[in-house]
Amino acid sequence: MHFTVEAQKFASSCLAEGSIAIDATCGNGFDTLFLSEQVGCTGVVYGMDIQVRAIEAVRQKLIDADRFNRCRLIADCHSKMKSHIDPIHAGRVSVAMFNLGYLPYGDKAIVTRSESTLAALDQALELVRPGGLISVLAYPGHAGGVEEAQCVADWVHNRGEQLAVKRFQDGNNSNSPILWVLTRI
Ligand code: SAM
């Protein structure tokens, strides 16, 4: 299974022209570009990354794709997500995507961490509309990744009444990424 593609497939089923979406970890911008296409010219995509370098690269990709005007890029920790979202979009977000870990080919020391990830997930849950979706792709294969994935698993478990949960992992590989697709009830 290609987990990033799978996450996008589920996300697309919740998105339409005019939707509001959040990419909580822009990285190289693949999910931001995908979301910006899905929401059309009347939608809004918030893209966050803690690395200015990543945000600048994504900005250029969006400009090249002629979709920058529907995106709001934020170089900040996603634990401050709520403070960056226009209050008129609170409770109206259709999709929030989290692709955890570090930037491929980037600085592996700059990596998502459990505490800020959970704080961001709490805020995403407040921002997403009923029927909307949060996707979380976690990587147990890197240092700290097992602990972060366990924290996400516990977070999901403790919100069973608010979320319909789908979980995917390659059962033959204990280091396999884990994808949670969480629909807000
Ligand atoms: N979705 C991206 C893509 O399509 O290329 C890949 C994301 S990459 C696996 C993880 C990203 O999370 C990195 O770019 C890293 O800088 C970012 N990151 C790490 N900690 C963060 C934090 N606290 N808040 C926001 N972004 C963070």
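When both residues are 6+ apart or on different chains and their Cβ atoms are under 7 Å apart, which pairs have a first residue that lies in region 35-59 and is closer than 18 Å to Ser116 by Cα and modelled with pLDDT of 95 or more, and a second that is away from the ligand (no atom under 12 Å from the Cβ) and of a type in the set (A, V, I, L, M, F, W, C)?
Tyr46/Ile85; Gly47/Cys71
Take residues that are farther than 27 Å from Asp170 by Cα and tell me which of the helices (runs of 4 or more DSSP H) falling wholly in region 3-91 contain 2 or more. Break it down stepwise before answering.
Numbers: elements: 3-12, 30-38, 52-64, 81-84.
Fully inside region 3-91 and qualifying: 30-38, 52-64, 81-84.
Looking at Arg129, Arg67, Arg92, which is the one that is touching a residue at least 12 places away in the same chain (Cβ under 8 Å), touching a Gly at 6+ places or on another chain (Cβ under 9 Å), away from the ligand (no atom under 13 Å from the Cβ) and more than 24 Å from Leu179 (Cβ to Cβ)?
On the way: Arg129 fails: more than 24 Å from Leu179 (Cβ to Cβ); Arg67 fails: touching a Gly at 6+ places or on another chain (Cβ under 9 Å).
Step by step, each of Arg129, Arg67, Arg92 is checked, and only Arg92 is touching a residue at least 12 places away in the same chain (Cβ under 8 Å), touching a Gly at 6+ places or on another chain (Cβ under 9 Å), away from the ligand (no atom under 13 Å from the Cβ) and more than 24 Å from Leu179 (Cβ to Cβ).
So which of Ala124, Ala143, Ala120 is buried (at least 22 other Cβ atoms within 10 Å of the Cβ), outside any strand (DSSP E or B) and away from the ligand (no atom under 11 Å from the Cβ)?
Details: Ala143 fails: buried (at least 22 other Cβ atoms within 10 Å of the Cβ); Ala120 fails: away from the ligand (no atom under 11 Å from the Cβ).
After applying the criteria, what remains is Ala124.
Can you pull out the residues in region 70-84 that are away from the ligand (no atom under 13 Å from the Cβ) and buried (at least 22 other Cβ atoms within 10 Å of the Cβ)?
Within region 70-84, Cys71 is the sole residue that qualifies.
May I ask you to list the residues in region 13-34 that are more than 8 Å from the ligand (Cβ to nearest atom) and small (Gly, Ala, Ser)?
Across region 13-34, the qualifying residues are Ser13, Ala16, Gly18, Ser19, Ala21.
Residue check: is Thr4 polar (S, T, N, Q), buried (at least 19 other Cβ atoms within 10 Å of the Cβ) and closer than 24 Å to Arg113 by Cβ? Talk me through it step by step, then tell me what you get.
Working: polar (S, T, N, Q): yes; buried (at least 19 other Cβ atoms within 10 Å of the Cβ): no; closer than 24 Å to Arg113 by Cβ: yes.
So Thr4 fails the test.
Could we say that Arg167 is basic (Lys, Arg), free of Cβ contacts under 8 Å to residues at least 60 places away in the same chain and crowded, with 16+ Cβ neighbours inside 10 Å here? Break it down stepwise before answering.
Numbers: basic (Lys, Arg): yes; free of Cβ contacts under 8 Å to residues at least 60 places away in the same chain: yes; crowded, with 16+ Cβ neighbours inside 10 Å: no.
Against the criterion (basic (Lys, Arg), free of Cβ contacts under 8 Å to residues at least 60 places away in the same chain and crowded, with 16+ Cβ neighbours inside 10 Å), Arg167 does not qualify.
Is there any pair with a first residue in region 12-28 that is closer than 17 Å to Leu62 by Cα and a second that is among the hydroxyl-bearing types (Ser, Thr, Tyr) and in a loop (DSSP other than H, G, I, E, B) whose Cβ atoms are under 7 Å apart and which are 6 or more apart or on different chains, and what are they?
Matching pairs, first to second residue: Thr25/Thr112.
So which residues in region 146-168 are touching a strand residue (DSSP E or B) at 6+ places or on another chain (Cβ under 7 Å) and part of a helix (DSSP H, G or I), if there are any at all?
Glu148, Ala149, Val152, Val156
The values are calculated or read from the model by the stated rules, or taken from the named source; none is laboratory data. What you see is a predicted model; the values in this text were computed from it and never measured. FYI the Cβ positions are ideal-geometry reconstructions off the backbone, even for glycines, and counts take in every protein chain you see.
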